[in-house]
Amino acid sequence: MSEALTLTRIPLDDYAGLRGAGEIEELRALAKPLRGRSIEMINSTAIGGGVAEILNRLVPLAEELDLHFKWDVMTGGEDFFDVTKSFHNALHGAPYHASPRDFEIFLAYTQRNRAALPLDSEFVVIHDPQPAALIDARKPGSNHWVWRCHIDLSHPNRAVWDFLEKFVSRYDGAMFSSPEFSRQLPIPQYLFYPAIDPLSEKNQDLEPEFIAQVLARFRIDPMRPILTQISRFDRLKDPVGVIRAYRIVKRYFDCQLVLAGGSASDDPEGAVVLKEVLREADNDPDIRVIELPAWAPLEVNALQRASTIVIQKSLREGFGLTVSEALWKKKPVVASAVGGIPIQIIHKHTGLLAHSVEGTAYQIRFLLSHPEIAAKLGEHGHQHVKENFLITQKLKRYLTLFLALARGS
Amino acid sequence: MNAVETAFDFVTVSYLTRIGNQSAGTLTELLTGLEHCSDASIFHHTFQTLGTHHFLTEGFSNDFAQWVLVDTNRNDLAEQLAALDIRDYVSIAALRRDLCRLVGEFCAAFPHYAGQSALERFYFCESVEVTAPLGRSARTLDEFRDGIAHLSHAGFYFHFISSRLRLQLQTNDFSYWLAGGLGLASLAENINHIDIYTNTLDSTRAKLLRLIDRERRKA
């Protein structure tokens, strides 16, 4: 039942140049007691989305450490994914009236997957709500089940959370991207961060010529300050607020604004937001609204690297991995203090936090006035990501979790 | 080169962060949290955070000070909390006492600030520690130097910073072994004096290796 998975294989030793040989040796030492033990990761999509992107790179690295690491994908029909998308939005706090039929569909597909997936590994990691009810398949014995939630659960829809909580409470632990997202549960809850791969196309070093080509293609002037927000056209990313902040900054600095995100063509809500953004931009020649293809890692990389300041003015955020992407490129970042962003932006150390349009504009002006402080924040931000948000650190966190579970912590 | 009977065994450490049940939205609530949170939580927000944020060598000391500064805007209290030096403590109980004393005194002196809502809440977390032997040990100063040079940040942090709590002495694993094992008390003391607040783990290690190299040249 699980979809065929194509994994991106980068040898673990390739990361030694970035992290140091000692860090790789440490991963091998931590993995040693887990050698030959079985681990199964289950999510609901093989391609697209942050979870699949991370697993795609994490699984081969874990295999290199001689762990029996499996990644299985839950399958479902359109009706299942309609329900789980509604659940997803409701857990984020969107209004939703859950019907008994929705729960029946959810459980029916859980039952089908339960019959098809092995679910017999010593460590089973279930990602997000879609496969959460697979805990029903847990066999008596000593295996460990943990639930990794990538969603902001700080204001969930009561009915949907009450339904899921019955399952989540039966795991050995739950992992969240921010302490703010955790719930009152009878099981241990852990802090787990998403991660970026520094060797991926989205984050690898680029030739200056390529960056220049991308700027030329999008008619961006490399000689004037470039403010950039990379995110899909979604009200929760507040692109209109970004334009308003830019207009305040523009009174003092001759700068440009780049708003780049995935195409809104297959997302009706995104298309509406895009229209709002274009209306707010009002044909300002220094605002570039760029609709990127769904998968455009090199363009995103180039735009981030060309930026003077990267903005992430979200109103709500799961983790906001684009912040780590920018910090990795040593860019000064001005971002909202929401969701997982304050974990990445330690105010005045690895970037600047803001709570409003005016605050965002002020912080941008401050950095444009003090390039030496901007450079220092970027440098510290890079170190912060290197220490905490790279794929190798994520692997280390999983190894630590499995070791802790195995010893009964 | 002298060799000793008791080898220095290099170890690494990894921490899982467990989210606690307490959070604070005011300084009064921070004080309550400090009084009641686990030892693992005090460790996490002081010792462990210093290791995780070692690259910040100006104005970052511990999570409590950072929260008080950024989210409650109380620079005076933040400064006092940041000035607590974990090297002065060989027990979490003593560190907790001083944290509570500083926050308690501030709340008593400025009750109108004590109840003011912070911009963001402080969440008490705790560290779950997992150690793993690296399979490398040292019996001579050369082997010792080589082992330190190859350590990860976490391994270096484990031996140089968090070791105080294990040893319950105001020293670190490296100095302890150099003095006790190799009889190099002066080198041990010089190493123990490297300032971990104004150095990154990398620059601390570089200084430590320079001190060892100087000692090796003497031999």
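Among residues of the stretch B:206-219 that are surrounded by 11 or more Cβ atoms within 10 Å (Cβ to Cβ), those with a Cβ under 6 angstrom from a residue that is not in a helix (DSSP H, G or I), sequence gap 6+ or separate chain, pair up as B:Lys207/B:Ile194.
If the condition is being within 13 Å of chain B (Cβ to nearest Cβ) and in contact with a helix residue (DSSP H, G or I) (Cβ under 8 Å, 6 or more places away or on another chain), then the stretch A:350-382 contributes A:Thr350, A:Gly351, A:Leu352, A:Leu353, A:Ala354, A:Ile373, A:Leu377, A:Gly378, A:Gly381, A:His382.
Looking across the stretch A:166-206, the residues that are of a type in the set (S, T, N, Q), surrounded by 21 or more Cβ atoms within 10 Å (Cβ to Cβ) and closer than 29 Å to A:Arg138 by Cβ come down to A:Ser177, A:Ser178, A:Ser182, A:Gln189.
Which residues, taken from the stretch B:19-32, are within 14 Å of chain A (Cβ to nearest Cβ), crowded, with 21+ Cβ neighbours inside 10 Å and either assigned to a loop (DSSP other than H, G, I, E, B) or not β-branched (Val, Ile, Thr) (or both)?
Of all residues in the stretch B:19-32, those within 14 Å of chain A (Cβ to nearest Cβ) come to B:19-25.
Now drop any that are not crowded, with 21+ Cβ neighbours inside 10 Å, which leaves B:19, B:24.
Once the filter is applied, which keeps residues that are within 14 Å of chain A (Cβ to nearest Cβ), crowded, with 21+ Cβ neighbours inside 10 Å and either assigned to a loop (DSSP other than H, G, I, E, B) or not β-branched (Val, Ile, Thr) (or both), the stretch B:19-32 yields only B:Ala24.
Counting only helices (runs of 4 or more DSSP H) that sit completely within the stretch B:63-117, those holding 2 or more residues that are farther than 25 Å from A:Ile345 by Cβ and at pLDDT 95 or above correspond to B:92-109, B:111-114.
In summary, helices (runs of 4 or more DSSP H) completely within the stretch B:167-219 and bearing 1 or more residues that are farther than 20 Å from B:Asp9 by Cα occur at B:185-192, B:201-218. Evaluate the following for B:Val128: is it within 14 Å of chain A (Cβ to nearest Cβ), in contact with a Lys or Arg (Cβ under 7 Å, 6 or more places away or on another chain) and either of a type in the set (Lys, Arg) or under 26 Å from B:Asp195 (Cβ atoms) (or both)? So B:Val128 does not fit the description; no. Taken as a whole, the condition of being touching a helix residue (DSSP H, G or I) at 6+ places or on another chain (Cβ under 9 Å), at pLDDT 95 or above and either away from every other protein chain (no Cβ under 14 Å) or assigned to a helix (DSSP H, G or I) (or both) does not apply to A:Tyr96. When B:Ser127, B:Ser163 are checked against the criterion of being closer than 30 Å to A:Phe181 by Cβ, within 22 Å of the chain's Cα centre (by Cα) and at pLDDT below 95, B:Ser127 stands alone in meeting it. Considering only residues in the stretch A:31-51 that are out of contact with any helix residue (DSSP H, G or I) (no Cβ under 9 Å at 6 or more places or on another chain), part of a loop (DSSP other than H, G, I, E, B) and over 12 Å from A:Ala62 (Cα atoms), the one that is nearest to the other protein chains (Cβ to nearest Cβ) turns out to be A:Gly49.
This table checks each residue for (1) under 12 Å from A:Val333 (Cα atoms); (2) modelled with pLDDT under 95.
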residue: A:Tyr362; (1), (2): no, no
residue: A:Ser369; (1), (2): no, no
residue: A:Ala375; (1), (2): yes, no
residue: A:Gly381; (1), (2): yes, no
residue: A:Glu387; (1), (2): no, yes
residue: A:Thr392; (1), (2): no, no
residue: A:Arg397; (1), (2): no, no
residue: A:Phe402; (1), (2): no, no
residue: A:Ala406; (1), (2): no, yes
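Could we say that A:Lys313 is charged (D, E, K, R) and within 14 Å of another protein chain (Cβ to nearest Cβ) here?
On the way: charged (D, E, K, R): yes; within 14 Å of another protein chain (Cβ to nearest Cβ): no.
No: the conditions fail for A:Lys313.
Tell me whether the stretch B:38-61 contains one or more residues that are surrounded by 23 or more Cβ atoms within 10 Å (Cβ to Cβ), under 23 Å from A:His355 (Cα atoms) and more than 12 Å from the chain's Cα centre (by Cα). Taking every residue of the stretch B:38-61 in turn, none turns out to be surrounded by 23 or more Cβ atoms within 10 Å (Cβ to Cβ), under 23 Å from A:His355 (Cα atoms) and more than 12 Å from the chain's Cα centre (by Cα). So for the stretch B:144-160 (the condition being outside any helix (DSSP H, G or I) and more than 7 Å from chain A (Cβ to nearest Cβ)), does at least one residue qualify? The answer is no, given that none of the residues of the stretch B:144-160 is outside any helix (DSSP H, G or I) and more than 7 Å from chain A (Cβ to nearest Cβ).
When you check B:Ser137 against the structure, is it part of a loop (DSSP other than H, G, I, E, B) and surrounded by fewer than 18 Cβ atoms within 10 Å (Cβ to Cβ), yes or no? Criteria not met by B:Ser137. Checking each residue in the stretch A:383-392 for being part of a helix (DSSP H, G or I) and either more than 9 Å from chain B (Cβ to nearest Cβ) or touching a Phe, Trp or Tyr at 6+ places or on another chain (Cβ under 6 Å) (or both) picks out A:Gln383, A:Val385, A:Ile391, A:Thr392.
Once the stretch A:273-301 is narrowed to residues that are closer than 25 Å to A:Ala375 by Cβ and of a type in the set (Asp, Glu), the residue that is surrounded by the most Cβ atoms within 10 Å (Cβ to Cβ) is A:Glu299. Identify the residue in the stretch A:325-349 that is at the interface with chain B (Cβ under 9 Å from one of its Cβ atoms) and in contact with a strand residue (DSSP E or B) (Cβ under 8 Å, 6 or more places away or on another chain) and, among all such residues, is nearest to A:Thr308 (Cα to Cα). So, considering only residues that are at the interface with chain B (Cβ under 9 Å from one of its Cβ atoms) and in contact with a strand residue (DSSP E or B) (Cβ under 8 Å, 6 or more places away or on another chain), the one nearest to A:Thr308 (Cα to Cα) is A:His347. Among the residues of the stretch B:126-147, are any on the phi > 0 side of the Ramachandran plot and small (Gly, Ala, Ser)? Yes, because at least one residue in the stretch B:126-147 is on the phi > 0 side of the Ramachandran plot and small (Gly, Ala, Ser). The set of residues from the stretch A:165-187 being outside any loop (DSSP other than H, G, I, E, B) and in contact (Cβ under 8 Å) with a residue 12 or more places away in the chain comprises A:Glu165, A:Phe167, A:Val168, A:Gly173, A:Ala174, A:Met175, A:Phe176, A:Pro179, A:Glu180, A:Phe181. Name the residues in the stretch B:118-134 that are over 20 Å from A:Leu30 (Cβ atoms), surrounded by fewer than 22 Cβ atoms within 10 Å (Cβ to Cβ) and of a type outside the set (D, E, K, R), would you? The answer is B:Ala118, B:Leu119, B:Tyr123.
One residue stands out among those in the stretch A:6-30 that are among the aliphatic types (A, V, I, L, M) and out of contact with any strand residue (DSSP E or B) (no Cβ under 6 Å at 6 or more places or on another chain): the one that is nearest to the other protein chains (Cβ to nearest Cβ), which is A:Ala21.
Can you give me the number of residues within the stretch B:33-71 that are small (Gly, Ala, Ser), more than 10 Å from every other protein chain (Cβ to nearest Cβ) and in contact (Cβ under 8 Å) with a residue 60 or more places away in the chain?
Taking the stretch B:33-71 as the starting set, the residues that turn out to be small (Gly, Ala, Ser) are B:33, B:38, B:40-41, B:51, B:59, B:61, B:65.
Restricting the remaining residues to those that are more than 10 Å from every other protein chain (Cβ to nearest Cβ) gives B:33, B:38, B:40-41, B:61, B:65.
Keeping just the survivors that are in contact (Cβ under 8 Å) with a residue 60 or more places away in the chain gives B:33, B:38, B:40-41, B:61.
Counting residues in the stretch B:33-71 that are small (Gly, Ala, Ser), more than 10 Å from every other protein chain (Cβ to nearest Cβ) and in contact (Cβ under 8 Å) with a residue 60 or more places away in the chain gives 5.
Checking each residue of the stretch B:125-143 against the condition of being in contact with a helix residue (DSSP H, G or I) (Cβ under 9 Å, 6 or more places away or on another chain), among the acidic types (Asp, Glu) and more than 28 Å from A:Asn388 (Cβ to Cβ) gives at least one match.
From A:Gln304, A:Gln229, which residue is within 19 Å of the chain's Cα centre (by Cα), buried (at least 21 other Cβ atoms within 10 Å of the Cβ) and assigned to a helix (DSSP H, G or I)?
Details: A:Gln229 fails: assigned to a helix (DSSP H, G or I).
It is A:Gln304.
The values are calculated or read from the model by the stated rules, or taken from the named source; none is laboratory data. Because the structure is a prediction, the values reported are computed rather than measured. With ideal geometry, Cβ positions are generated from the backbone for all residues, glycine too; neighbour counts draw on all protein chains shown.
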